[in-house]
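Read the structure below first, then the notes.
The values are calculated or read from the model by the stated rules, or taken from the named source; none is laboratory data. For clarity, every value in this text was computed on a predicted model and none was experimentally measured. We place every Cβ from the backbone using ideal geometry, glycine too, and count neighbours over all the protein chains shown. With ligands, DNA and RNA removed, areas are computed over all heavy atoms of the protein, side chains included. Shrake-Rupley method; radii C 1.70, N 1.55, O 1.52, S 1.80 Å.
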Amino acid sequence: MKRIFVTGAFGLVGSDLVPQLAKKYGKKNVIVLGNKTIGKHFHGVLAKGDVRDKKTLEKIIKQYNISEVYHLAGLLSVGGEKNPDLAWDVNINGLRNILDLARDYKLKVFWPSSIAAFGPTTPKQKTPQHTVLEPTTIYGVTKLSGELMCQYYFLRWGVDVRSLRYPGLIGYQAPPGDGTTEYSVHIFYGLLKELKYSCFLKADARLPMMYIDDAIRGTMALMDAPAQKISIRTSYNFGSINFAPRELVSEIKKLYPAFICTYNPHPIKQRIAESWPQSIDDSQARKDWGWKHEYNLAKMTKVMINGLEKKLKVKR
Ligand code: AKB
């Protein structure tokens, strides 16, 4: 049986991924990285440490006989701009530690890249798999460097590391992180808490997005695919829907007509959004390992509202 180690387990992806991994491989086979505060209330196997501390990671890998790692820990775009040194330290040194250990202990690894690896010089529509990559955020710089590091460890040492360029992910299990596309999660909290939301992007800031269930299914499918089907060892373009805040608002208004959204673009967040693609060509992922999304904007909006109403115990 696989023994799986998950870092960043309490973020947007981890909060939905860990229960799915536990369902598939058994709760005792999923080991989650936490610290003094993170994971205090987690009911499962919790190992304490920091992704920048290689010795502790190595101890955990040996103690639990780990065979597979989902290395999700990292700062996002807005958080990265607040502290570029920390973003580099966590995102790059954390990944290097995991890749070194994967090489030494023959571990299979999943690591998320992002649409942030692209930049203002990348074609914006149906952004191809192979294209110009000149990111202008520290987060994007760490994602692009990380992609190249993953490919290097694969080519040089045969490390089976797989990656997806996540678009903006939308889910309700975890609170929204410090990212740019996260307006699309905050908006649902604003809706249910006070029937209004002040959006930090312009109404027409179109970005590639995805409902979390699609992202988790795609991530697990990539990890399950036979190695010979994986032709991309940097990171796969990974797409489903794309929309602008204005379109999300009109979808929400179909269910909550009284909802009011105002637009107060934040200069840094808006600039980041404008540097990213608006839609993604993910045909390589579809061809190689059968990627297919299931959620459109309407379905995602309904599921988000239903899920968050239950979580927050509000029904308007
Ligand atoms: C962010 O906005 O920083 C992230 C991402 C697209 O990687 N959600």
| remark: Taking a ≥ b ≥ c as the square roots of the Cα gyration tensor eigenvalues, with a/c under 1.5 meaning rounded and otherwise prolate when a/b beats b/c or oblate if not, segment 1-61 comes out oblate
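Taking the Cα centre of the chain as the origin, how large is its charge dipole in debye, to the nearest 20, when only Lys and Arg (+1) and Asp and Glu (-1) carry charge on their Cβ atoms?
Details: 47 positive and 28 negative charges, 196 e Å.
It comes to approximately 940 debye.
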| With each pseudo-label sitting 7 Å past Cα toward Cβ, what's the residue 288-residue 306 distance in nm, one decimal? | 3.4
| Arranged from highest to lowest average of other beta-carbon atoms within 10 Å per residue, in what order do the peptides 208-215, 281-288, 27-34 appear? | 208-215, 27-34, 281-288
| request: Find the accessible area per residue for segment 95-236; the probe is 1.4 Å, ligands and nucleic acids are left out, and the unit is Å². | output: 35
| message | I'd like to compare 153-162, 231-240, 260-269: which one has the highest average count of other Cβ atoms within 10 Å, and what's the full order after that? | response | 231-240, 153-162, 260-269
| For all pairs of alpha-carbon atoms in the chain, what percent lies in each bin of width 10 Å, listed from the first bin to the last filled one? | 6, 28, 36, 23, 7, 0
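Placing unit charges on C-beta atoms (Lys and Arg positive, Asp and Glu negative, everything else neutral), compute the dipole magnitude of segment 1-74 about its Cα centre in debye, rounded to 20. Walk me through the numbers before you get to the answer.
Working: 14 positive and 5 negative charges, 53 e Å.
Approximately 260 debye in magnitude.
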| query | What spacing in nm lies between the two simple spin-label points modelled at residue 229 and residue 53, each 7 Å away from Cα in the Cβ direction? | reply | 3.9
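Taking 8 Å as the Cα distance limit and 6 or more residues as the minimum spacing, I'd like the relative contact order of the chain as a percentage. Let's see the in-between values first.
Details: 615 pairs, mean separation 58.3, N = 316.
Result for the chain is 18 percent.
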| note | P(r) of segment 176-255 over all Cα-Cα pairs, 5 Å bins starting at 0, rounded to whole percent, reads 3, 12, 20, 20, 16, 10, 8, 6, 4, 1, 0
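Semi-axes of segment 115-183's equivalent ellipsoid from the Cα gyration tensor, sqrt of 5 times each eigenvalue, largest first, rounded to whole Å?
Working: eigenvalues 106, 62, 25 Å².
Semi-axes from the Cα gyration tensor: 23, 18, 11 Å.
How high is the relative contact order of segment 47-157, in percent, counting Cα pairs under 8 Å that sit 6 or more residues apart? Before the final figure, lay out each step's value.
Details: 139 pairs, mean separation 31.5, N = 111.
Relative contact order, segment 47-157: 28 percent.
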| request: With the full set of protein chains in place, find how many percent of the accessible area of the chain is carbon and sulfur; take the probe as 1.4 Å. | output: 54
| note | Here the percent of antiparallel bridges among DSSP beta bridges lying wholly in the chain, to the nearest 5, is 10
| said: Rounded to whole Å, give me the distance from the Cα center of segment 291-305 to that of segment 57-135. | reply: 26
| request: Note down the nm distance, to one decimal, between modelled labels 7 Å out along Cα→Cβ at residue 193 and at residue 133. | output: 3.6
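May I ask you to compute the full-extension gain from residue 271 to residue 256, defined as 0.36 nm times their residue separation minus their alpha-carbon distance, rounded to one decimal in nm? The partial results should precede the final answer.
On the way: separation 15, 0.36 × 15 = 5.40 nm, distance 3.00 nm.
This chain segment gains 2.4 nm when fully extended.
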| task | Before anything else, pin down the relative contact order of segment 222-316: Cα pairs under 8 Å, at least 6 apart, normalised by residue count, whole percent. | result | 46
| request: Please work out the ratio of the alpha-carbon Rg of segment 48-179 to 2.2 N^0.38 Å and round it to two decimals. | output: 1.08
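Please label the shape of segment 257-307 as rounded, prolate or oblate, based on the square roots a ≥ b ≥ c of the eigenvalues of the alpha-carbon gyration tensor (a/c under 1.5 means rounded; beyond that, a/b larger than b/c means prolate, else oblate). Mind dumping the intermediate values first?
Working: a/c = 3.93, a/b = 1.29, b/c = 3.05.
In terms of gyration-tensor shape, oblate.
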| Based on the alpha-carbon gyration tensor of segment 199-316 and its eigenvalue square roots a ≥ b ≥ c, which shape applies: rounded if a/c is under 1.5, prolate if not and a/b is larger than b/c, or oblate? | oblate
